[in-house]
1. Specify which of the listed residues (A:ILE549, A:ILE556, A:ILE588) is out of contact with any His (no Cβ under 8 Å at 6 or more places or on another chain), at pLDDT 90 or above and outside any helix (DSSP H, G or I).
2. For the stretch A:20-39, which residues satisfy the criterion of being within 26 Å of the chain's Cα centre (by Cα) and open to solvent by less than 20 Å² (accessible area, probe 1.4 Å)?
3. Mind listing just one residue for me: the one in the stretch B:38-76 that is within 23 Å of B:TYR138 (Cβ to Cβ), over 28 Å from the mean Cα position of the chain (by Cα) and open to solvent by 20 Å² or more (accessible area, probe 1.4 Å) and, of those, nearest to the other protein chains (Cβ to nearest Cβ)?
4. Can you find, within the stretch B:360-393, the residue that is modelled with the highest pLDDT among those that are within 21 Å of B:PRO426 (Cα to Cα) and touching a Gly at 6+ places or on another chain (Cβ under 7 Å)?
5. Could you check how many residues of the stretch A:627-651 are of a type in the set (Phe, Trp, Tyr) and open to solvent by 70 Å² or more (accessible area, probe 1.4 Å)?
6. Six or more apart or on different chains, Cβ under 8 Å: which pairs go from a residue in the stretch A:483-501 that's over 15 Å from A:PHE15 (Cα atoms) to one that's acidic (Asp, Glu) and open to solvent by 40 Å² or more (accessible area, probe 1.4 Å)? Could you list them?
7. Looking at the stretch B:208-224, which of its residues are within 7 Å of chain A (Cβ to nearest Cβ) and part of a loop (DSSP other than H, G, I, E, B)?
8. Please return the ranges of helices (runs of 4 or more DSSP H) entirely within the stretch A:418-537 where 1 or more residues are closer than 27 Å to A:HIS203 by Cβ and among the polar types (S, T, N, Q).
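The values are calculated or read from the model by the stated rules, or taken from the named source; none is laboratory data. None of the values given here were measured: they were computed from a predicted structure. Cβ placement follows ideal geometry from the backbone for every residue including glycine, while neighbour counts extend to all protein chains displayed. Heavy atoms of the whole protein, side chains included, go into the accessibility calculation; ligands, DNA and RNA do not. Shrake-Rupley method; radii C 1.70, N 1.55, O 1.52, S 1.80 Å.
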Amino acid sequence: MTGYAELHCLSNFTFLRGASHPEELVSQAHALGYCAVAITDECSMAGVVRAYAALKALDLSPVATDHAGKTEPFKLIVGTELNLECGQKVVLLAPCRTAYAEICRVITVARRRCEKGQYRVARADLEQMENALVLWLPTLSSEQDEPFAHWLNDHFQGRTWLLYERLLDAHEAGAGFNKRSYLCDLGARVQLPVCAAGNVHMHCPDRQPLQDVLTAIRLNCQVQELGLKLYANAEHAMRPLHKLRKLYPESWRAETLKIAERCQFDLGSLRYEYPRELVPEGLSPSRYLKQLVEQGMTRRFPQGVSLQIQRTIRQELTLIQEQGYEYFFLTTYDIVQFAKRRGILYQGRGSAANSVVCYCLEITSVDPRQIDVLFERFISKERNEPPDIDVDFEHQRREEVFQYIYQKYGRTRAALAATVISFKFKSALRGIGKALGMNESRLDYYIKNINRRDRELGWEVQLASLGLDQQSPVSRHLVRLTQEVIGFPRHLSQHVGGFIISSGPLSELVPVENAAMAERTVIQWDKDDLETLGLLKVDVLALGMLSAIRRSFDMIRQRYGRVLSIADITRLQDDPAVYARLQQADSIGVFQVESRAQMSMLPRLKPRCYYDLVIQIAIVRPGPIQGDMVHPYLRRRSGKEEVDYPSKEVRAVLERTLGVPIFQEQVIKLAMVAAGFSGGEADQLRRAMASWKKTGQLQQFRHKLVAGMRERGYETEFAERLFQQICGFGEYGFPESHSASFAVLAYVSAWLKHYYPLAFYCGLLNSLPMGFYSPSQLLQDAVRHDVLVRPVCVNQSQYDHQVEALEEGGKEALRLGFRLVRGLSRKGVEQLLEQRPDQGFDGMAQIQACALDKRDLEALASANAFAGLSGNRYQARWDMLDDACKVPMFTHLAADASAIQLPAPDDWQNLQEDYASTGVSLTHHPISLLRCAGCIDGYTRSTELAKLAHKSWVKVVGVVTGKQSPGSAAGVTFFTLEDDTGNINVVVWKATARAQKQAYLTARILEVVGIVEKEGEVIHVIAGRLQDLSHLMADLDTRSRDFH
Amino acid sequence: MRWLALVFPQLQLDSVCPVTEQVQNPDATTGAVVVIDGGQQVCQLNAQAMAAGIRPGMKLGTASALNRDVSFVQHDPGFERARALELAEICYQVSANIAFLEPDALIFEVSGMLKLYGCFKHYWRDLQQVLAAQTLHYKAALGHSPLAACVLARAGFCSVPLEQQFAQEGWLMPALDALQVGQLDITPRQQAQLERLGLSRLGHVRSLLQKSKGRKELAQRLGRELLDYLDQVLGHHIRPLDYFRPEDVFRQSILLEHELHTSQSLLFPVKNLLQHMQAYLQRRACRVQHLRLLLSGREGDTQVIALSGAEPERASEVWLSLLQLKLESVQLSAPVTAVRLEALKLLEEHVCTQDIFEPVRASSPSQLLGRLQARLGDEALKCVHLQGDHRPEHAFRYSALPKYGELKEGYADDSHYSKCSLSLRPSLLFEVPVPLSEGIRIVHGPERIQSGWWSDTPVCRDYFVARNTEQQTLWVFRDAQRHWFVHGLFA
């Protein structure tokens, strides 16, 4: 009685073919008593790390290999299945590290020569492999098989096998043909041993329907139409040993064990070398790092370095050296230096980024005097965590950084990590439904109407209430298969910005394939896989606010001669004037604190210093809101509640946030000091929190947490409450280290808004799209801050928005740029600017002579850019439409202007044209026009709300510019209504919404009658009656942003 | 006014829920039905949907959020077009000169009909009667050009009653002037162009056109097509319409001198009809493939005999022989007093050149099939096709005989089922598997077939090739309950 090793097995990382997760395959193979399992996805290594992680996590018991009770640990073998161009099919296995590198190289070559999702491999590609094992599935026709067998023997002598896979289907035997005897004969003739295998596509036969449906999705048809393209039975699953004994002869099963024996490669042994060119000749990485830090110290601390900071630096450098992370910091340093040379603004964030070493290396601008209050965590030795540094760059210039990395290291040594795009509820329901032949409109209907955030009712129950007949078999299949397929990978996509850079070719570590974008390559592993194996990546991310800040800095330097950097501003320490504005919620355009929810929090929390901002940013998130941390914190801050700590340890962790856990680090730290979690366990807790929604694994920590805390003398109630807070946190708990970096940018943008408003709004507008607000809303805010705004003008504007000096004494205005005009091409602007005379155009004829594209001219006319030259934009547009004068021969004919005179637009029409052409109107607001026309009256304007008493009745009218239904808010929708004086926050409860559905769902101009709710300076209107006034302005182009 | 336009805005919806139900309870919240187009937007809706706040142009999601129970139907322009043509045919009883304007309008040329009806009032009354039987929503308007009438009808112009519209003229220009450019049948881009010049109503455009050089400049800037369209709407120019033409059919009836009691005796009178039909077809160079014979009895009851040829034919002998065969199996339900022959679909002749040296075959395979079908009935003749399915019962299917001309082609889609030729399958498959009741010796197997879980007939069986005591080779299987059956025999 021999054991068995399954050597040909596909996971769901062979997209839309495999029907089981790698973890399921590993665990099932072990449960069935197999000695080993090989994960051999088609031309891919994407699933092997998950299998490896499962192997480690499940801690599997050793497996018996023979009668005598000898046991061996269960083994995971890695390999790949390849369909060659000549029609033959082989499975390659990696017995050792070198073979693994060979296989990765072959996969890379096969994938890189084709577009994303395809591969092509020929015999010649395999000839270089000296170590890999080859398992061959012959085509069963001798003319093709014999020559191939000879080729195999020539190149893979002693490491080739014939695979016999008995799947009880029609191919097993036919008229005058028997597969088994064919293979026996072939093996004897060409001297190749035969080995048994299963062509496993799923871990158990129950998955057959799912495998069929995946095939239907892959072939884009219905499952009933597939016919013979489906497998005939469920034998492509892992089968129990007793059954295998009946199916295969002993010698062929024993052969699998012999092969497994030869495979000793362990994924955990993978390491990679960093690019050596980062370190100058003659220096070691440590020395070089130390040198750079010392240089940085003198720059960053011109007044000298305190003893405390020196000590911290020493500690940090020692830790870096011990863990061997020098290269990681050096790589990051090199990248930010490039950005600095090019004038690209950047900001590092993350726990490691907030170290003093990083401050000296200029990776961050968070002053260590501010860091002092933060946790030391930067690298946690006992948790063996890789350092965590994300670097944000200006979003409009991040591509330059990417290109630098590719150029410096070459496409073979640098690649992006992948992201696994998997089936979520919507795509799963749609895909499965289509494959089952259900009507697509009906599926859309279900999807639209299922509320994913409804906690009480799962989607299965909601489906029933939407009319899905639960008794019908199709519906039962739909529900079951959708449940199974959620979480299945569909394809790989490129990660946002995580790079791996190595000294040798990456393709020896992991296969590299083409991404969908041109000139981009990705590795087949995602960030979790990299973390499992302890491999480091450098995150190169994009942030819109950095672009805005840099533009503002440039403008300030140009106009006022003042040179500023982020560090310069933070060095000025906390400015009460800036904080005063924030406390009044004057934060439109300010990074991270400009949203409606943040603006409601600012007057309550009243940040006074940097750390308050750090808390402000982290507290207005679903995590703390759902975990019910917000109100206790505010109460304690205002002195309404006493702060007490159950122990000294807890005090040390929670004192900075008044006893309320707000940051992810606090929760982890509490688990360690109060419940006795070890470093590793705390790390597991952190991961479980991060992926709670996907895996639901938090419950298993509950017992350990509560028991551990009780053991250390804490009250059960305290422990239970903490656990509830952790669950509420879920994946939304914000790390303090990130919040600290964001707070820097928040402060800088608030500072700029206060001291240099023109430059600030200008920089912001030129960096759109980004942030929370549209150009229209930003400009209205600017006007309310007494900024003069000048419209787009053919003679004055540039492509970007500019700060312009006005003729009358020293004043300045914001001149809107051509980029705001819809339908105007960039090229058209360039042509216009090229041909614009210094003193400007003096007539329409001159402009027409520029021979710009007709559409560009129309766009400019409608934006009223010709206002200086032609009184009436309708007339200007009419004139621009005539392209008779384009032909040079006829220019003299066009000299007589059009005989037609069109009447000028009235206020309404001007407003409509403003919105249609630029989305912005400087002269009118719909609400003021409606009021002047007498269509609305008796309402309160936004600026007058503050005069009303709490709980008084009010009527407000506004354009609906925002609708938010945050999941944490129990069916409440927040409307933002904009009138001509500002924004009004309206709260619509679920019942109100349900009773007045039409107005709630479709109104673009809304009248609300309700009750004022005032809490300090925060004002809301609780909606009672909603009335849709959109019919009054049928053609207005305001776009409401829906955040759902 | 010369032209009448009828616009049917809800052709599809009206066939889903007839008008009378809607009128009965307009307040009910159930029964809301909408038609959605390809972009998942509502294009037609009934009164209940309107009451729930649903409006045209809304997305399906919004509509269903407003009313959970709304039923939706996918828009089918093909169906609407066919229905509109049907309506044209029906209206043809009342009015000649009907034209169909895509996608939902019928234009009637009124002045021609007045001679027949005397006055517009009577004409309109008759037309309304015919339409009322159809239970449809429609809007009507008159105009001095077809497009003017159509545009006014679509916009729902009704402030002047129809008869007054016909009699007077002064109301037309103001009505047209008041139309918004969005109500004209122009592209969205043209509409946007006009609106962004401040020309938001047809009246604005008309006054522009009246200015000197207005027409030229408009054409120059916005295109000749637009000018052309505007001219047609404003009546400056009327393009001739394609009038509806009812289809050609052959219908002829004869009354019999005395009642006939036997089917065979019908042959002589029908022979005459067939000869007339042959002449008619010859004149038009057409053939027919399907005929109907309607036999009326004394009491007015009618018996219908349908005849189909395998090929389109016009020769009366051919039809006669087919009829003869058919009549052998037909019983007359009552004595026949009148016979009517109908050939509803005329097919144009295929020109076939015949080589005079080619031996003339007595009858082609398709003719043989035609005769067999006539003798045995259509249902008795079938083709067999291979199907892709693992389940043996579903691996093939029967289908009706293909039409003439298709027999010759091979079944290309069967070629990739040739892999079936490798597998072991019996020559004879029992329709229903028979429980195994004798001893057998297994020769080969198992072959496991587990499929069809998505259907009513899933299969989960292990098949074996076995030999019984009489040395017959059987195809047996064991099902999930471990019962044994015989499913077929090998030759």
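1. Just a single option satisfies the conditions, and that option is A:ILE588.
2. Across the stretch A:20-39, the qualifying residues are A:SER20, A:PRO22.
3. Checking each candidate, the answer is B:ARG55.
4. Looking at the filtered set, the residue picked out is B:ARG391.
5. 0
6. From residues that are over 15 Å from A:PHE15 (Cα atoms), the pairs are A:GLN483/A:GLU460.
7. B:LYS211, B:SER212, B:LYS213, listed by residue number.
8. Where helices (runs of 4 or more DSSP H) fall fully within the stretch A:418-537 and carry at least 1 residues being closer than 27 Å to A:HIS203 by Cβ and among the polar types (S, T, N, Q), they are A:425-435, A:473-485, A:527-532.
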